[in-house]
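Engineer: Here's a structure for you.
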Amino acid sequence: VNELAEEYKLLENIEQLNNGWIACSERLPKEYDTVLLCAKNGMVFQGRRCIEFGHHRYNLDGKFFILWDNDIIAWQPLPKPYKEGE
């Protein structure tokens, strides 16, 4: 349990260092989780990772536009929604 806690703390520190971005080379988002995606060209999208025919693809903003795994370099969880008065 202590080893898992230390590993989680290390991952949390890495995410904070990269402004919340997680390199795809380090870890991929869970399949079908909606996350923010950063492409090689620096553009940021909201999308979901899908595995089809053994390939990782990203469905962007609920549309059928798909990027291949090597087009995406980093991702991060979506921020919590805005709540008035907080």
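Engineer: Residues that are modelled with pLDDT of 70 or more, of a type outside the set (Val, Ile, Thr), assigned to a loop (DSSP other than H, G, I, E, B) and exposed (fewer than 10 other Cβ atoms within 10 Å of the Cβ): does segment 56-76 have at least one?
Structural biologist: No: zero hits.
Engineer: What residue, among those in segment 1-28 that are outside any loop (DSSP other than H, G, I, E, B) and surrounded by 15 or more Cβ atoms within 10 Å (Cβ to Cβ), is modelled with the highest pLDDT? Give the derivation first.
Structural biologist: Taking segment 1-28 first, the residues outside any loop (DSSP other than H, G, I, E, B) are 2-17, 22-23.
If we keep only those that are surrounded by 15 or more Cβ atoms within 10 Å (Cβ to Cβ) too, we end up with 15, 22.
Working: Glu15: 50, Ile22: 94.
Going through the qualifying residues, I end up with Ile22.
Engineer: Now for a separate question. Out of all the residues in segment 29-38, which are closer than 17 Å to Glu52 by Cβ, buried (at least 17 other Cβ atoms within 10 Å of the Cβ) and touching a Lys or Arg at 6+ places or on another chain (Cβ under 8 Å)?
Structural biologist: Pro29
The values are calculated or read from the model by the stated rules, or taken from the named source; none is laboratory data. If you're wondering where the values come from, they're calculated on a predicted model, not measured in any experiment. Cβ coordinates were reconstructed from backbone atoms using ideal geometry, including for glycine residues, and neighbour counts include every protein chain displayed.
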